[in-house]
1. One residue is enough: does region 18-28 have a residue meeting the conditions over 18 Å from Phe131 (Cβ atoms), buried (at least 18 other Cβ atoms within 10 Å of the Cβ) and of a type in the set (Ser, Thr, Tyr)?
2. Is there any pair with a first residue in region 56-68 that is within 17 Å of His116 (Cβ to Cβ) and a second that is polar (S, T, N, Q) and not in a loop (DSSP other than H, G, I, E, B) whose Cβ atoms are under 7 Å apart and which are 6 or more apart or on different chains, and what are they?
3. Within the group Ile43, Ile102, Ile64, which residue is β-branched (Val, Ile, Thr), in contact with an Asp or Glu (Cβ under 8 Å, 6 or more places away or on another chain) and within 27 Å of Lys5 (Cα to Cα)?
4. Quick check on Phe79: is it modelled with pLDDT under 95, over 23 Å from Val16 (Cα atoms) and surrounded by 13 or more Cβ atoms within 10 Å (Cβ to Cβ)?
Amino acid sequence: MPLGKGPLDNLKLTTVNLSDGSYSTTLIYPIYHIGGDDPNEPIGRFFVQFGGNKCAYQLPRGSIAMQFASGPVYPAIGFNTFVPVSDGQGGAFLEGTFELTILEATGVYARFKGGHNHMVDKLHKLASGQFDEFCFCNITTYQFP
């Protein structure tokens, strides 16, 4: 995201600066009727630092800021890192699981502050250099051991 182009209210979050130019963003689509019934209509945005360790979720009725765990990292199985798998068309699927700590949360998600997110991610880096992401997040109020 270009410098200064983040949400004007920074999603009411203080532990991230979504206008500092370090975040990439993508749309979030509903699953299990969270925020909407049409799986083709976005319900929010996901902001992530490719060169950092923080991310944020803009969701219906609130937002969440998180930090990726620094370790442990097990490259062979894609734990806290990606494993590249060729897509056979000049691109690659980047597959992995990630552990994140919830730094802060607003709105209906406020009780998740201090909790945990276990992210299962399949990031498709297309031959064009563009990305397409398929990700599931298991967000809980308790901390990761």
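1. There is no residue in region 18-28 that is over 18 Å from Phe131 (Cβ atoms), buried (at least 18 other Cβ atoms within 10 Å of the Cβ) and of a type in the set (Ser, Thr, Tyr).
2. Here the result reads Ala56/Ser63; Tyr57/Ser63; Met66/Thr101; Met66/Asn117; Gln67/Thr101, each pair linking region 56-68 to a residue that is polar (S, T, N, Q) and not in a loop (DSSP other than H, G, I, E, B).
3. Values: Ile43 fails: in contact with an Asp or Glu (Cβ under 8 Å, 6 or more places away or on another chain); Ile102 fails: in contact with an Asp or Glu (Cβ under 8 Å, 6 or more places away or on another chain).
Selected residue: Ile64, the only one of Ile43, Ile102, Ile64 that is β-branched (Val, Ile, Thr), in contact with an Asp or Glu (Cβ under 8 Å, 6 or more places away or on another chain) and within 27 Å of Lys5 (Cα to Cα).
4. Numbers: modelled with pLDDT under 95: yes; over 23 Å from Val16 (Cα atoms): yes; surrounded by 13 or more Cβ atoms within 10 Å (Cβ to Cβ): yes.
Yes.
The values are calculated or read from the model by the stated rules, or taken from the named source; none is laboratory data. Model, not experiment: these values are computed from the prediction. No Cβ is skipped: glycine too gets one built from the backbone with ideal geometry, and neighbour counts run over all protein chains shown.
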